[in-house]
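Undergrad: Below: one structure in C-alpha cells.
The values are calculated or read from the model by the stated rules, or taken from the named source; none is laboratory data. For clarity, every value in this text was computed on a predicted model and none was experimentally measured. Glycine gets a Cβ as well: all are built from the backbone with ideal geometry, and neighbour counts include every protein chain shown.
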C-alpha cells in the first residue's frame, strides 16, 4: 500500500463521491482527495448523492449521516440498491458515534464509521482498501 499522502500510481485513482451538507467541509475534503489524484464529485444531500452515484459510478462514498431531508442511513440503503454501485465502499464520516449509530450504519450497508473531525490518513487508508476487494454485504466488516 502506498504512503497515505502520496498520489496514486497510474490506474489506481479512485472515483470518490463526497456527501456532506456542510459545504465547506465537503469542498475541503473534495479538494484534498482531488489533489491526491482521485476523481471526486461533491454533493450536499442524499437525493443528489443517488443521482450522482448512478451516473458517476464511484468506487467509494464518504457519507455524512446527519443530512437534510434524507439521512445518511437511508442514502446508504438506497445506494446499495443501485446496480451500478455494486462494489461501492461506503464510509460514514459523521458526528454520530454511539454504538447504536454504528449498528444502524452497519444495517444500512455502511462499511466503515469514522467520527468527525476525521483524520485524513485514516480516511485515505480506508479509501485505499476500496480497490482491494469487492463489496460483500453479507460479511461483517471491521469498523473504525
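Undergrad: Quickly run through the stretch 52-69 and pick out the residues that are buried (at least 16 other Cβ atoms within 10 Å of the Cβ) and without any contact (Cβ under 8 Å) to a residue 40 or more places away in the chain.
TA: 52, 53
Undergrad: Looking only at the stretch 48-73, which residues are over 17 Å from residue 22 (Cβ atoms) and over 14 Å from the mean Cα position of the chain (by Cα)?
TA: 51, 54, 55
Undergrad: Among the helices (runs of 4 or more DSSP H) confined wholly to the stretch 16-120, which include 3 or more residues that are within 18 Å of residue 130 (Cβ to Cβ), in contact with a strand residue (DSSP E or B) (Cβ under 8 Å, 6 or more places away or on another chain) and at pLDDT 95 or above?
TA: Passing ranges, in order: 23-35, 46-56, 72-80.
Undergrad: Working only within the stretch 70-86, note down all residues that are surrounded by fewer than 16 Cβ atoms within 10 Å (Cβ to Cβ) and under 21 Å from residue 13 (Cβ atoms).
TA: Within the stretch 70-86, 84, 86 meet the criteria.
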